[in-house]
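Here's the structure, in structure tokens; my notes come after.
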């Protein structure tokens, strides 16, 4: 198997796909407003004609590159290219004001690489063991797993839990469309043959994440960001290396742990790492003034999330974040079902993903240190040129899935929905979570009741089931208990 994995990843064609993905991801991440999720959604249709391994590794390259690329505009413009770079922008821009943007981006690049490698090691060690445990799951455990994934909506709803629940409910409702998997009866199809196979969630995701952002970009299409500072002295100094090696590995581990929690996201990993670094630092009062540890920590943390988010996706079919949700779509298009059987039936693919992710991080390091001046020029691309390109990619990508214009209509509809959701500060991630986990929850709930002849106690008969019940309650009640405790101690 080792020979097969090495042969598949270090095949010149696949190797070039990884590098192309990382390069594309850095460019997308560097452009303010074009998130990693949007980048992966745009590139996804290009993988339909590829085999599984090059297709998935291309997307992973985009993911790794985009999370890192967000720091470029964050440091130069104080406008994070992706939400994951918001913490980096706090101190990174202070470097730029001192004329040290090259130094800041060098620290960011190396720290991102270290955080990413830590997450790959954790992915390699944890995922196979978790998959073995998941093989013991039956319908009740999978139902509770899906409910646990849906309970994460409480933590990704932004400022309003009600809006998050409403958005999650929209996604779950969409998952009911199509032929019932148990009875074979068509539901909510309105006699439209295009809906018999259900709502294809790839056009929905392209609309919610990519097209909606393109609509927003139109609002300030003629106000380009300007970058005039020269980039120099990118390679970190000895003193910077000491700080990087102290903070980046710990932050990478923190990010990996956060990435394993479904729905947490790279931005949470970055801010938690930033906060932890401030507690560890001998000079916490200087955070916010532009110091190396304030860049090394969040960059190690947000790139640590990349590997962590793939752990629940590969082992249990539960997306760790919105990008992992799109990865599930990519695997499904290839005829593969994420979950424990993926490790037993497609072992070469799984370990190729592990090794390919490591190669993607190495490519990110090399490209970042050698080509920063080129990536900075990406920021000067006029939005009047970029926005129409995004529109075309969204339309072509949606059509390419089933060569059906109905999917283009679905994408445009949800692009409009996503635009107005952003206007009212409503996160679109709960909708995607509901659309993916809704069928898993429904089918396993009904199978479990068929197994027990209608006895609901089947959901509480195993240790694994009770663990998920506890996790669900902790996820739902944890924020309220924490807020109550803070009020009492205030």
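Suppose we keep just the alpha-carbon trace of the chain; what are its Rg and Dmax in angstrom?
22.0, 71
Say R0 is 60 Å: what FRET efficiency, to the nearest 0.05, do residue 369 and residue 396 get from their beta-carbon distance? Mind showing how you got there, number by number?
Values: r = 34 Å, r/R0 = 0.56.
That pair, residue 369 with residue 396, gives E of 0.95.
Put a dot 7 Å past each Cα toward the Cβ at residue 219 and residue 176; how far apart are the dots in nm?
Simple spin-label model gives 3.3 nm for this pair.
If you count, for each residue, the other Cβ atoms within 10 Å and average over each peptide, how do 321-333, 288-300, 386-398 line up from highest to lowest? Let's see the in-between values first.
On the way: 321-333: 25.0, 288-300: 28.0, 386-398: 18.2.
Listed from highest to lowest mean packing, they are 288-300, 321-333, 386-398.
If each residue of separation counts as 0.36 nm, what is the full-extension length gain between residue 7 and residue 237 once their alpha-carbon separation is subtracted?
Details: separation 230, 0.36 × 230 = 82.80 nm, distance 3.69 nm.
Separation in residues times 0.36 nm, less the Cα-Cα distance, equals 79.1 nm.
How do 69-77, 345-353 rank on mean C-beta neighbours within 10 Å, highest first?
Working: 69-77: 31.0, 345-353: 19.0.
Final packing ranking: 69-77, 345-353.
What 222 nm value per residue comes from the helices of the chain, counting each DSSP H run with n ≥ 4 as -39,500 (n - 2.57) and dividing by all residues, nearest 500 deg cm²/dmol?
Rounded to the nearest 500, the figure is -23500 deg cm²/dmol.
What FRET efficiency comes out for the pair residue 15/residue 196, r = Cβ-Cβ distance, R0 = 30 Å, nearest 0.05?
On the way: r = 41 Å, r/R0 = 1.36.
The formula returns an efficiency of 0.15 here.
What do you get for the angle between helix 322-333 and the principal long axis of the chain? Use alpha-carbon atoms, 0 to 90 degrees, nearest ten.
50 degrees
When only Cα pairs under 8 Å and 6 or more residues apart are kept, what is the percent relative contact order across segment 2-489? Numbers along the way, then the final one.
On the way: 975 pairs, mean separation 134.2, N = 488.
This gives 27 percent for segment 2-489.
What's the angle, to the nearest 10 degrees (0 to 90), between helix 383-402's Cα axis and the longest principal axis of the chain?
Orientation of helix 383-402: about 30 degrees from the principal axis.
Could you calculate the contour length gain from residue 423 to residue 405, that is, 0.36 nm times the residue separation minus the distance between their Cα atoms, to one decimal place in nm? Spell out each step's value before the answer.
Details: separation 18, 0.36 × 18 = 6.48 nm, distance 2.74 nm.
Length difference between fully extended and current span is 3.7 nm.
If I fit a long axis through the Cα atoms of helix 347-370 and take the longest principal axis of the Cα atoms of the chain, what angle between them do I get, 0 to 90°, rounded to 10?
20 degrees
What order, most packed first, do the peptides 278-287, 170-179 have when packing is the mean number of other Cβ atoms within 10 Å of each residue? Each step should come with its number before you reach the end.
On the way: 278-287: 12.7, 170-179: 18.4.
Ranked from most to least packed, the peptides come out as 170-179, 278-287.
Sketch the reach of a paramagnetic label on residue 347 as a point 7 Å from Cα along Cα-to-Cβ, and name the residues of segment 123-139 whose backbone nitrogen lies under 18 Å away.
124-136
Bear in mind that the values in this text are calculations on the coordinates, not laboratory data. These figures come from a predicted structure and were not determined experimentally. As a convention, Cβ positions derive from the backbone with ideal geometry for all residues, glycine included, and neighbour counts pool all protein chains shown.
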